[in-house]
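Notes follow once the structure below has been shown.
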Amino acid sequence: MACICNLRLSHKIRNSVVSSLCFYRASHGFPKTCATPFPSRSLNHSSAKLKCSTLSVSVTGAFTWDDVVRISEPESLPEDSLDLTGFFEKVKICNRGSVKPPLHILFGSPRNSKSGRKKEPFGCLQEKQSEFLPFVMEDQIVGYIHNVFADHLRRFQDVFVFPEDNCYGGRIGHATLHPMLRKPEDRTSAVGDVIKSLAEELIPGIRNELYPVTSSFGARVFFSLERAAAPYFGIKAYGVHMNGYVERDRQKLLWIGKRSPAKATYPGMLDHLAAGGLPHGIACGENLVKECEEEAGIPRSIADKAIPVGAVSYVDIDGYRYKRDVLFCYDLKLPESFRPENQDGEVDSFKLIPVTHVANIIRRTQFFKPNCSLVIMDFLFRHGYFSSGQNSFSYLQAVSWTRT
């Protein structure tokens with residue numbers, strides 16, 4: 001794939017020595033494994049080519065910090081500093097439901113992925129979207145429900161109704177709540193009972209945390225929905241993600257967390273220093289302060305200095321799940337003396353890693369929780385690690401893909 005912009009990774013750190021700091025909690029066992037690419041060098045005739053060998057690591061994060069450090073070194077794959085394919089793949093992972101054309105249409109010709117699976121044509125994504133009914137509240141679309149999942153909801157005729165019309169997006173029919181459910185609290189209770197009935201069969205990982213159901217951010221709340229059920233109803237969900245960084249010897253380093261292996265989602269994978277979903281009834285800034293304290297032991301006096309820097313978004317379709325997430329991004333410059341300490345048991349350990357090395361981890365592996373890669377890519381854009389070079393159009397296309 002042709003290079004579309006420069007990533008200034010190697011020159012910033014080749015002549016510097018950074019002592020990485022690592023803090024551990026008690027370790028746990030990890031479950032089953034799968035193949036995750038590790039780069040290696042091989043020669044083909046007279047020219048050097050980059051290929052991937054594989055090391056068996058868990059889909060749930062059975063890799064060590066030693067693995068992370070080794071794969072992040074510029075010298076482990078020096079020629080790939082201008083290759084953005086790995087970054088585009090991470091964006092694609094989060095955007096299987098996007099209405100934009102897939103990345104191979106924007107940035108290169110179709111080819112098989114490293115997993116051996118063909119990239120989906122644009123028409124397939126549109127076909128996936130056609131399998132979902134609009135979920136409507138008071139004449140406003142608030143989400144999308146898969147036809148098969150809707151069949152399960154039809155059993156609860158006193159809660160859900162399915163008018164046959166084509167008033168919303170040209171689709172035939174839509175889903176809504178029973179007209180007798182007029183108050184937000186009544187809707188929340190009725191839908192909550194349905195979620196409990198379906199939980200074991202269809203909706204794993206119940207969190208007992210409510211997300212607001214609205215037509216747009218900050219709009220009137222129609223009712224509140226169990227967090228684990230949000231993608232099954234296709235509602236827009238919001239979160240806060242923070243890049244906590246340190247400046248040392250004129251270079252930036254990011255504090256990275258490794259999720260607890262006991263986490264229900266993405267156990268053992270790399271994550272931000274602090275991040276979390278935005279529940280009903282709490283403002284973004286206050287929620288970030290809470291997450292900073294719980295996940296990294298950052299006191300309010302420091303967390304209050306986090307700077308809001310924008311948002312990234314993505315649309316992902318996976319089976320019956322339609323994820324439409326918006327992540328509010330924050331940067332927090334931390335004192336060099338700061339050492340994170342997890343308070344809620346959800347983070348196994350932390351490590352301070354040069355930003356340029358973090359970029360290598362994203363490009364070369366699938367160690368990060370997928371949406372974290374988007375937020376860190378946004379950090380790379382804003383802090384000048386990407387440059388438009390000679391192809392400003394492609395640069396802008398790349399930026400736009402973090403804002404679906």
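The values are calculated or read from the model by the stated rules, or taken from the named source; none is laboratory data. From a predicted model like this one, the values you see are computed outputs, not experimental measurements. No Cβ is skipped: glycine too gets one built from the backbone with ideal geometry, and neighbour counts run over all protein chains shown. Areas reflect the complete protein model, heavy atoms only, side chains present, ligands, DNA and RNA absent. Shrake-Rupley method; radii C 1.70, N 1.55, O 1.52, S 1.80 Å.
Which shape class applies to the range 127-233: rounded if a/c is under 1.5, otherwise prolate when a/b exceeds b/c and oblate if not, where a ≥ b ≥ c are the square roots of the Cα gyration tensor eigenvalues? Rounded. When the residues His152, His280 are ordered by accessible surface, computed with a 1.4 Å probe over the protein chains alone, the sequence from largest down reads His280, His152. When the surface is traced with a 1.4 Å probe over the full set of protein chains, Tyr266 keeps roughly 100 Å² accessible. Taking Asp331, Asp186 and ordering them by how much accessible surface each has at a 1.4 Å probe, largest first, produces Asp186, Asp331. Heavy-atom accessible area, probed at 1.4 angstrom with all protein chains present, ranks Lys236, Lys333 as Lys333, Lys236, highest first. Taking label points 7 Å from Cα along the Cα-to-Cβ direction, Asp249 and Glu164 give a separation of 7.2 nm. Shape class for the range 276-338, computed from the alpha carbon gyration tensor (a ≥ b ≥ c): prolate, with a/c not under 1.5 and a/b above b/c. As a rough guide to protection, the peptides 268-276, 154-162 ranked by mean Cβ packing within 10 Å, highest first, stand as 268-276, 154-162. In summary, the range 250-404 shows an alpha-carbon radius of gyration equal to 1.06 times the 2.2 N^0.38 Å reference for compact globular proteins.
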